[in-house]
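The values are calculated or read from the model by the stated rules, or taken from the named source; none is laboratory data. These figures come from a predicted structure and were not determined experimentally. Positions of Cβ are generated from backbone atoms using ideal geometry, with glycine treated the same way; all protein chains shown enter the neighbour counts. Remember, those area values only see protein heavy atoms, side chains included, never the ligands or the DNA or RNA. Shrake-Rupley method; radii C 1.70, N 1.55, O 1.52, S 1.80 Å.
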Amino acid sequence: MELHQRIVSAPVDFGAVRTEFGLASDYPSEAVSEARDAVDAFAGARADRREIPLVTIDPPGAMDLDQAVCLERTPSGGFLLHYAIADVAAVVVPGGPLARASLARGQTFYFPDGTVPLHPPVLSEGLASLLPDVDRPAALWTIECDAHAEPVRFSVTRALVRSRARLDYQGVQADADNGRLHPSIAALPDFGRLRIAAGIERGAITLRLPAQTVVRDGAQSGVDHWQLAIEPRTAADDWNEQVSLLTGMCAARIMLDGHNSNGSGKPALPGLLRTMPPAPPAAIESMRRTAAAVGVAWPPDESVGRMLAGLDCNTPAALVLMSEAVSLLRGASYTILNGQDPETLRHSAIAGTYAHVTAPLRRLADRYATEICLAYCAKTEVPHWVHDELAAAVDTMRRTDALAGKVDRACLDLTEATVLSPRLHTDFDAVVLREANGTRPAEIFIADPPVLAKCIGRPPEGENVKVRLAEADPVTRTVTFSYPAGPAPSTSYSTS
């Protein structure tokens, strides 16, 4: 089944979702005042690195620009990566109104019609954002890599930087296709491909499922209409992602080395990793049985990640296997270093140790992990506020990660039910991602419009089938299909 779609749109009120989850867009006035008057606490102690021709790569229209990159080839055939990250800790007063508000919020929540931001927009989209042609405080990572894009030396320091250009993924992809990439990222395709290959070799797992999204379809009679779409993902997205992943892996190494070299009898040095437990063997065996059932050859000595990377993601078999692979990537969390078994500190999807440090404007944890890395590299004390607040920050991240997932799903469910409600009892082409099992209904993917949903009946896994829309209720955000296509049965399941 090809992943194409016909435009179907409808008016949708996402305010109800914000209200349901208690997400208020308004920021406390005292925190906004602090953000508006923010000054760089390290202005006199920064390295001036404005000569580095950094550029940002973000979705079109994004204003909260956390990262700016410059990637050079070295005379030895390796790579020199400069990666500037917005230095949020330098403009947030410890213990002040802004610090307290962000500690409670945890992260930016994204809705189709706007955001509930971690920081006031005057800061996240203005004074701290790495916008082009303005001086900004940054945590500047310098990572030297060999010809295989493997890191050999890395560090982070506070610096003053200036971005040269604001790019977006599709524009970067078009430039790459036409051989006219910005000089600051001319080496990005080679670097990205090498890092992707290294990840597969390590055993990393990357899913390429269709990414549903909700996009504005203009206004009709003064009311915004919304449609379901497949979020386009380019090779440039993947290359740029590798820059962030490598930086996070280097950050984890810095914190682990600092923590482990502290010596017995000394107070534990802090560290904050992003971790994920390994997949249960039974889940991998289940995937092997599914692969055999849908006709995908999977040699016994081949990793999950390598098998998935070799699939054509436009085929039903690939969609089935990638959907099942989601069950392998569960339990992601934040872990404070405390002398744990090293195996419990790994991130199984990355197949290594990893930390979040590249999105501090949008994610609270990154401010703390970055501050720890800065202190270790400078051989200075980790600030007291990091020690004092680290456990609370982790609690907030765990709570808001779960909440963010629910918010995303609620917005998709609401849009699906609203867009589909005029098409009750209509037949759709679908691919069956997972067959029914006991009390669990089957799962299907419909490309037109793009919907992942439950299906009553017993459609055969991995097959293209006709299903009928049995229920689409915007009030309960419920969508149900039936197989075989026919009168709607009385039993229904929520898509949530």
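Annotations for the structure displayed:
- Evaluating Val467 against the criteria (1) modelled with pLDDT under 95; (2) in contact with a Cys (Cβ under 8 Å, 6 or more places away or on another chain); (3) β-branched (Val, Ile, Thr) leaves one unmet condition, (1).
- Check on Asp413, of a type in the set (Asp, Glu) and open to solvent by less than 80 Å² (accessible area, probe 1.4 Å): yes
- Residue list for the stretch 393-429, filter: among the acidic types (Asp, Glu), assigned to a helix (DSSP H, G or I) and farther than 30 Å from Ala99 by Cβ: Asp413, Glu416
- Set Ala318, Ala292: member being aliphatic (A, V, I, L, M), out of contact with any Lys or Arg (no Cβ under 6 Å at 6 or more places or on another chain) and surrounded by fewer than 19 Cβ atoms within 10 Å (Cβ to Cβ): Ala292
- All positions within the stretch 35-57 that are assigned to a loop (DSSP other than H, G, I, E, B) and either of a type in the set (S, T, N, Q) or out of contact with any helix residue (DSSP H, G or I) (no Cβ under 6 Å at 6 or more places or on another chain) (or both): Asp37, Val39, Arg46, Arg49, Arg50, Glu51, Ile52
- Lone unmet requirement of (1) of a type in the set (D, E, K, R); (2) assigned to a helix (DSSP H, G or I); (3) surrounded by 12 or more Cβ atoms within 10 Å (Cβ to Cβ) for Glu285: (3)
- Within the stretch 288-295, the presence of a residue that is part of a loop (DSSP other than H, G, I, E, B) and among the basic types (Lys, Arg) is excluded.
Every residue, every condition in (1) open to solvent by less than 90 Å² (accessible area, probe 1.4 Å); (2) of a type in the set (Val, Ile, Thr); (3) under 30 Å from Ala375 (Cα atoms), yes or no:
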residue: Val8; (1), (2), (3): yes, yes, no
residue: Pro11; (1), (2), (3): yes, no, no
residue: Val17; (1), (2), (3): yes, yes, no
residue: Ala24; (1), (2), (3): yes, no, no
residue: Ser29; (1), (2), (3): yes, no, no
residue: Ser33; (1), (2), (3): yes, no, yes
residue: Ala41; (1), (2), (3): yes, no, yes
residue: Ala45; (1), (2), (3): yes, no, yes
residue: Arg50; (1), (2), (3): yes, no, yes
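- The one condition in (1) open to solvent by less than 40 Å² (accessible area, probe 1.4 Å); (2) not in a helix (DSSP H, G or I) that Pro278 fails to fulfil: (1)
- Beta carbons closer than 6 Å, at least 6 apart along the sequence or on distinct chains, pair a first residue in the stretch 292-321 that is of a type in the set (S, T, N, Q) with a second that is at pLDDT 90 or above for Ser303/Gly203.
- Qualifying residue in the stretch 138-157 (condition: in contact with a helix residue (DSSP H, G or I) (Cβ under 9 Å, 6 or more places away or on another chain), without any contact (Cβ under 8 Å) to a residue 60 or more places away in the chain and open to solvent by 50 Å² or more (accessible area, probe 1.4 Å)): yes
- Test: residue in the stretch 360-381 that is open to solvent by less than 10 Å² (accessible area, probe 1.4 Å) and not in a helix (DSSP H, G or I): yes
- Cβ-Cβ under 6 Å pairs, at least 6 apart or on other chains, the stretch 114-131 side part of a loop (DSSP other than H, G, I, E, B) and at pLDDT 95 or above, far side surrounded by 21 or more Cβ atoms within 10 Å (Cβ to Cβ) and acidic (Asp, Glu): Ser129/Asp64
- One residue alone among Val122, Val92, Val88 is β-branched (Val, Ile, Thr) and within 21 Å of the chain's Cα centre (by Cα), and that residue is Val88.
- For the stretch 319-360, residues that are over 14 Å from the mean Cα position of the chain (by Cα) and closer than 18 Å to Ala404 by Cβ total 4.
- Any hit, the stretch 225-237, residues being hydroxyl-bearing (Ser, Thr, Tyr), in a loop (DSSP other than H, G, I, E, B) and either under 29 Å from Leu269 (Cβ atoms) or open to solvent by less than 60 Å² (accessible area, probe 1.4 Å) (or both): yes
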